[in-house]
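See structure below.
The values are calculated or read from the model by the stated rules, or taken from the named source; none is laboratory data. Owing to the predicted nature of the structure, the values given are computational and were not obtained by experimental measurement. FYI the Cβ positions are ideal-geometry reconstructions off the backbone, even for glycines, and counts take in every protein chain you see.
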Amino acid sequence: MTYAPARARELLARIAEPLRAAPRSPELDALLARLESFAALSDEQLNAASALEAAAAPLGAMRAIPGPSRGLVGATSNELKKLAEAELAAQAERAAQAALEAERKASDFDATLPAARVERGALHPIVAVTRELEDLFTSMGWTVLDGPEVETEEFNFDALNIQPDHPARETMDTFWVATPPGAPRLVMRTHTSPVQVRAMKRLKPPFRAIVPGKVFRNESVDASHEHTFHQMEGLVVGKGISVGHLIGAMKTLLRGIFGREIEIRLRPGYFPFVEPGFELDARCPFCKDGCSVCKRSTWIELLPCGMVHPNVLRAGGIDPEQWTGFAFGLGLSRLVMLRYSIDDIRHLLGGDVRFVSQF
Ligand SMILES: [Zn+2]
């Protein structure tokens with residue numbers, strides 16, 4: 001039942017009636033006077049809050065009420081109390097709704113608009129492939145090494161058996177770093193291979209390590225050339241390491257990248273820091289009888305590799321009579337391009353969010 005002053009008046013009268021007939025006492029007189037003062041209120045004044053106060057009066061003075069009337073007076077007072085409480089609760093609810101409505105009108109909040117989309121980040125494809133390869137190699141017991149991007153001429157060239165007059169120093173289009181006269185010459189490393197020598201100086205053989213990282217060439221930039229790109233060097237030094245181990249490691253590497261067995265072939269290749277040196281080709285993973293990626297040959301030139309040259313082992317402080325090793329230099333940027341069919345190397349470090357958010 002909803003609250004109305006008339007209904008409250010009716011209940012107040014029902015409470016007072018048995019009290020008036022009962023034997024008088026000062027407490028009872030006081031209670032009756034209080035009830036009458038509520039009954040005398042105007043309709044406007046006899047609102048739910050006043051009605052609640054009125055109901056509290058007899059409930060708080062039960063001892064003044066003669067026994068036979070207590071049941072009826074108590075029950076009626078409770079009815080009045082519940083009616084008033086229900087009305088007050090309804091009023092509070094209406095006020096809260098009104099406040100919410102006012103707030104909605106004041107701001108331009110619109111609960112029917114779609115929520116703002118949360119932009120999700122993603123790994124750059126180079127980072128993703130690097131991590132995959134690191135996982136693959138560490139699962140086989142290899143170590144992941146890092147090296148400086150600004151390298152000494154000694155580590156970048158000399159220790160790798162690249163003679164001072166060797167054309168590689170020219171063909172690698174080196175960025176030389178300005179250094180004071182007489183100080184050792186510094187370069188932006190042109191390959192990750194100097195870390196081979198650093199690793200040999202630091203680690204005791206036998207060891208297996210990969211070195212992913214950035215390298216730099218002073219090249220004119222086009223769709224397939226970039227001044228900054230990524231390589232991953234691999235180096236194994238141990239007793240009785242042979243070309244067979246090299247082939248096994250390369251097959252595992254390709255299986256890890258492409259998720260299936262990839263046929264490979266080795267062609268002789270010349271690099272000063274390996275002897276013998278090879279160019280490793282992989283059977284084109286995208287076609288059966290020639291496509292644009294493999295230039296219709298069904299083979300893709302993937303990486304240079306070979307057995308570590310004795311001079312390089314010596315430069316790293318390792319006795320080539322006791323130890324042998326193999327090394328490979330994987331073009332990480334090129335591999336990422338192959339894997340995701342990216343046709344322009346400039347996308348990789350171009351910093352365009354539209355490009356990287358596709359992965
Ligand atoms: Zn192909």
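Worth a mention:
- Residues of the stretch 111-155 that turn out to be over 30 Å from Phe258 (Cα atoms) and not assigned by TED's automatic domain parsing to the domain that holds Lys251, as a count: 8
- Among residues of the stretch 126-147 that are part of a loop (DSSP other than H, G, I, E, B), those with a beta-carbon under 8 Å from a residue that is among the basic types (Lys, Arg) at least six positions away or on a different chain give the pairs Met140/Arg208; Gly141/Arg208; Trp142/Arg208; Leu145/Arg198; Gly147/Arg189; Gly147/Arg198.
- Pair list, Cβ < 6 Å and 6+ apart or interchain, from the stretch 336-359 residues that are over 11 Å from His124 (Cβ atoms) to residues that are loosely packed, with under 14 Cβ neighbours inside 10 Å and among the polar types (S, T, N, Q): Ile345/Ser224
- Test: residue in the stretch 310-324 that is touching a Pro at 6+ places or on another chain (Cβ under 8 Å), among the basic types (Lys, Arg), away from the ligand (no atom under 16 Å from the Cβ) and in the same structural domain as Asp135 (by TED's automatic domain parsing): yes
- Unmet criterion (only one of (1) hydrophobic (A, V, I, L, M, F, W, C); (2) under 21 Å from Ala315 (Cβ atoms); (3) free of Cβ contacts under 8 Å to residues at least 40 places away in the same chain) for Val177: (2)
- Residues satisfying the stated conditions in the stretch 194-223, i.e. in contact with a Phe, Trp or Tyr (Cβ under 6 Å, 6 or more places away or on another chain) and in a loop (DSSP other than H, G, I, E, B): Pro205, Asn218
To keep it simple, each residue is scored yes or no on (1) surrounded by 12 or more Cβ atoms within 10 Å (Cβ to Cβ); (2) in a helix (DSSP H, G or I); (3) at pLDDT 90 or above.
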{"position": "Phe38", "(1), (2), (3)": "yes, yes, yes"}
{"position": "Ala84", "(1), (2), (3)": "yes, yes, yes"}
{"position": "Glu93", "(1), (2), (3)": "no, yes, yes"}
{"position": "Gln97", "(1), (2), (3)": "no, yes, yes"}
{"position": "Pro114", "(1), (2), (3)": "no, no, no"}
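- Scope the stretch 249-291; condition over 19 Å from Leu332 (Cβ atoms), away from the ligand (no atom under 16 Å from the Cβ) and exposed (fewer than 15 other Cβ atoms within 10 Å of the Cβ); matching residues: Glu261, Arg267, Pro268, Tyr270, Pro276
- With respect to the conditions (1) surrounded by 14 or more Cβ atoms within 10 Å (Cβ to Cβ); (2) within 25 Å of Cys305 (Cβ to Cβ); (3) of a type outside the set (S, T, N, Q), Asp135 falls short on a single one, namely (1).
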